[in-house]
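Worksheet: the structure to be examined is printed underneath.
The values are calculated or read from the model by the stated rules, or taken from the named source; none is laboratory data. Treat the numbers as computed from the prediction; the structure is a model and nothing was measured. Here the Cβ is made from the backbone with ideal geometry for all residues, glycine too, and neighbour counts use every protein chain on show. For accessibility, only protein heavy atoms count, side chains too; no ligands or nucleic acids. Shrake-Rupley method; radii C 1.70, N 1.55, O 1.52, S 1.80 Å.
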Amino acid sequence: MNIERVAAAINITGTFDKINPSTITVGSDKTTASNIWKIIDEAGNVVATESSAAVSQATLNQLPEGVYTVETTATLISKYGNPVLDTTTDSFLIRHPESTTSVVGTYNPTSITGTKKITESTLTWEVKDSNGTVLINGTGNTVPVEQTNALGDGSYSVFFTEHSPENETSVSEGSFKIRHPETTISIDKPINPEKVMGTQKIADSTLTWQLLNEAGAVVLSGNGPIISEKQLASLASGKYEATFTETSPEGETHVSTDKFLVRHPETTTTIDRPFNPHSIKGTQTIAESVLTWVLKDESGKLIESGSGTDVPTSLLDKLAIGTYVVTYTEMSPENETHSSQGEFTIRHPETTTTVNKPFNPDKITGTQTISDSELVWILTDAQGAIIKSGTGSDIPTDFLAQLKPGSYHVTFAEKSPEGEMHTSTGDFIVRHPETTTTVNKPFNPNKITGTQTMTESELTWIITDKNGAEVMSGIGSEVPEKELLALLAGDYTVTFTEISPEDETHSSHDVFTVRHPEATLTIDKNINPEKITGTQTIEDSTLTWEILDIEGNVLFSGSGSEISNLVELLKGLDEGSYFATLTETSPEGEIHTVINGFQLVSEVISPPLPEPTPPDKTNEKPETNEKPETNEKPETNEQPETNEKPETNEQPETNEKPETNEQSETNEQPETNEQPETNEQPETNEQPETIDSGDDSEEFILLHEREEFSYVEYEVFDENTADSSQTIVPASTIAETTKNNASLLPKTGDKQSPLLPLLGIAVVASSLVMLRRRNKN
């Protein structure tokens, strides 16, 4: 069997064999085979590949340091066209020297070291000055510190060089400086120097100083090149040593010292007490010194001066109130001076009393001249009895507010810490308004009064509703009764306010309610009603009802807001006109009565409502519609015969709106329906007056009001809807109003039943007009 094969080959060459090779070629034992190579790093990544016979130098130069594998594959195509493969590998190393230099400390370094990258490399070092001259050198990774410290002050460079086995080199560089502190000291005078200075060699060194006394204790210290004149002047007499210490940034120190002598005058000032002193003395340190004193006020004005140790007592006794400064000055033989001062105050108590108002003061204060004095106050009444006493500048406001009316005397006393006393006084009167409010009745009062304490005060009143809104107001001790009568129903508060001459106010209150009975009566139908109900305004009022016949006789009566079993009650009544009354009696005894009329008929024919038309004088009424002579003022007050009702009580055919508007003869009332003699007006009733309506309509008859009635309510009811509208017409003016307002009277052509003077009822067309009386109260 004939088998074809191919063998791949790799050749790595260089000066140092497989370290940093210069040539890598690939091939096979068959010249016809093709080759593909790969370079793979230590992580297994292919970093280069190509189909060629050699790895280019450019590719090798770009490889970073590390161990690499070269893999090549030779491919031969057999004579049968099949590929024959063979793969082989080899490895090589890429490395280069790389030294480092480390200098610890810019100045006077404590350590200078170098490193090499290749273990087999050689490491050398050298130190050069700023001119590039090599001063010291050696082998290894450390430059001895003692050699660098021996160098003079200046700037230096250090170089470490790594020499690899492949004869490659790598140089690294560092720099440093050598410097050492060196301070100096200078003192301007050996005795009482005014200037002591030090210097430093290194600009960024720290320069400190100390002053030590003879015992070696530090009395002063500081930073910087100068001990100030003020600090030197503060030194007590004695021998001193001054030292300046320069500390370099590297921690090296250098100290310089010198000595001097100090002697200074030093006086003292002694004041026996800070207020109103009796003795002021000064002392001097040097016996040969001259001691003087000066006394000035708080503004700096000279009061007195002298020499010696004492300020004369006679001078102190004559000083005015104020603050003073005394200065003692000692001048030494060296013409140095020292001054000491003392301050004192001359003061005497002087209080004041201020009462802010002669009447009812709300602030009484006292003042004191001396802040640490004791301030007390005493309040006495007109008889001199002590009411209260205390301390401080204010009498408590709440106490003043509690004082009873009367005359008072207040005294403030200031006692100084020196035991001196001063008093001041003031007088005042206490008086306050105090009003009362009296409402004579909780409901519908007719008298509301207020009182005041002071005759000079102003008394006002105001009435507000339950929402606080003002309803009325005035001045004086009584709310006018007419104002009370004008109040609408509701809950009210009355407030009386007394305003004193001192503008103090006091208010008193009371509450009341205004309420009046006002019943309503509702008849569901004006003809053959089935339900009669009423309402009352006041919840705890009494509600009563009555059913009356046309002559005013009470047929039925009861209490409550509804007539129960109305239909049953009315079944036994004859056909005709009847009235229902409802009376509300309030807990205050006020009465309101409402009356409505209705008819009982066997058959009801409701005529159509007439179109509203203005009065038309041309629509003359037939002779049958004229007032009968019997409608003149009869002595018996009987109804005219034409006003009689027919016995059948049926609605006449003429109740339809005929063109002639004539009254039907069947609308006359039978003689049996005449008013009985018992229905005559009593002698106390005046004759009814006849009021001309101003047109051709029938005259409207109005009974004179009795004295106990104050007005008449005019109410129109629609018999179909039972709706109503009401108007209150004063009795004294109804006649004039009726003459000028024809709308209050039946229109011409209206069919009406005869007026019923006794009850004030008239039937107008399909509506029932009613006059209701209400009690004055």
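Report the rotationally averaged projected area of region 495-612 based on its alpha-carbon convex hull, in square nanometres.
Averaged projected area of region 495-612's Cα convex hull equals 13.2 nm².
Return the long-range amide H neighbours of residue 195 (sequence gap of 5 or more, or a different chain), with a cut-off of under 5 Å between placed amide H atoms.
Hits under the 5 Å cutoff: 188, 189.
Give a residue-ordered list of calculated ³J(HN,Hα) values for region 549-554 (Karplus: 6.51 cos²θ - 1.76 cosθ + 1.60, θ = phi - 60°; whole Hz; x for Gly, Pro).
8, 5, 8, x, 6, 6
Scale the Cα Rg of region 412-498 by the rule-of-thumb value 2.2 N^0.38 Å and send over the ratio, two decimals.
So the Cα radius of gyration is 1.91 times the expected 2.2 N^0.38 Å.
For Cα pairs less than 8 Å apart in space and 6+ apart in sequence, what is the mean separation divided by the residue count of region 318-405, i.e. the relative contact order in percent?
After rounding, I find 19 percent.
Please work out whether region 257-303 counts as rounded, prolate or oblate from its C-alpha gyration tensor, where a ≥ b ≥ c are the square roots of the eigenvalues and a/c under 1.5 means rounded, while otherwise a/b larger than b/c means prolate and anything else oblate?
Judged from the Cα gyration tensor, region 257-303 comes out prolate (a/c at least 1.5, a/b above b/c).
Which length gain, in nm to one decimal place, applies between residue 469 and residue 147 when the Cα-Cα distance is subtracted from 0.36 nm times their residue separation?
Using 0.36 nm per residue and subtracting the Cα-Cα distance, I get 105.1 nm.
All other residues with a Cβ under 14 Å from the Cβ of residue 164 taken together, and with Lys, Arg as +1 and Asp, Glu as -1, what is their net charge?
With Lys, Arg at +1 and Asp, Glu at -1, the neighbours total -3.
Ranked highest first by the average count of other Cβ atoms within 10 Å around their residues, in what order do 580-586, 286-292 fall?
Put in order of decreasing packing, that is 580-586, 286-292.
Go ahead and run the numbers for FRET between residue 335 and residue 134, Cβ-Cβ distance against an R0 of 51 Å, rounding to 0.05.
0.20
How large is ³J(HN,Hα), in whole Hz, for each residue of region 585-594 in order, when computed from phi with the Karplus curve 6.51 cos²θ - 1.76 cosθ + 1.60 and θ = phi - 60°, using x for Gly and Pro?
With coefficients 6.51, -1.76 and 1.60, one gets 10, 7, x, 8, x, 6, 10, 10, 10, 10 Hz.
Under a 1.4 Å probe, what is the accessible area of region 510-563 per residue, stated in Å²?
Normalised by residue count, the accessible surface of region 510-563 is 49 Å².
Per residue of region 354-362, in order, report the coupling 6.51 cos²θ - 1.76 cosθ + 1.60 (Karplus, θ = phi - 60°) as ³J(HN,Hα) in whole Hz, putting x for Gly and Pro.
Running phi through 6.51 cos²θ - 1.76 cosθ + 1.60 with θ = phi - 60° gives 10, 9, 5, 8, x, 10, 6, x, 10 Hz.
Based only on the alpha carbon positions, what is the Kirkwood hydrodynamic radius of region 4-128, in angstrom?
17.5 Å is the Kirkwood radius here.
What area, in nm² and to one decimal, does the C-alpha convex hull of region 293-355 cast on average over all directions?
One quarter of the hull surface, i.e. the mean projection, equals 5.7 nm².
Report the FRET efficiency, 1/(1 + (r/R0)^6), for residue 253 and residue 195, where r is their Cβ-Cβ distance and R0 is 25 Å, rounded to 0.05.
That gives a FRET efficiency of 0.55.
Report the equivalent ellipsoid semi-axes for region 374-461 in whole Å, largest first, defined as the square roots of five times the eigenvalues of the gyration tensor built from alpha carbon atoms.
Semi-axis lengths for region 374-461 are 44, 12, 9 Å.
Can you give me the distance in nm between label points at residue 231 and residue 285, each placed 7 Å from the Cα along the Cα-to-Cβ direction?
About 1.9 nm, to one decimal.
Just subtract the alpha-carbon distance of residue 446 and residue 49 from 0.36 nm times their residue separation and send over the number in nm, one decimal.
Length difference between fully extended and current span is 130.3 nm.
7 Å from Cα along Cα→Cβ at both residue 77 and residue 22: what's the point-to-point distance in nm?
3.8
FRET efficiency for residue 477 and residue 557, Cβ-Cβ distance as r, R0 = 45 Å, nearest 0.05?
Result of the calculation: an efficiency of 0.45.
How long are the semi-axes of the equivalent ellipsoid of region 148-216, defined as square roots of 5 times the Cα gyration tensor eigenvalues? Whole Å, largest first.
Equivalent ellipsoid semi-axes, largest first: 50, 11, 8 Å.
Classify region 66-113 from the C-alpha gyration tensor, please: rounded if a/c falls under 1.5, else prolate or oblate depending on whether a/b exceeds b/c.
prolate
Provide the gained length on full extension for the span residue 69 to residue 462, in nm with one decimal, where the gain is 0.36 nm per separating residue minus the Cα-Cα distance.
Result: 129.8 nm gained on full extension.
Could you list which residues have their amide H under 5 Å from that of residue 290, counting only those 5 or more apart in sequence or on another chain, with H placed in the peptide plane?
The list, which skips near neighbours in sequence, is 331.
Can you pull out the GluC sites (Glu not before Pro) in region 307-388 whose DSSP state is coil and whose Cβ has at most 14 other Cβ atoms within 10 Å?
334
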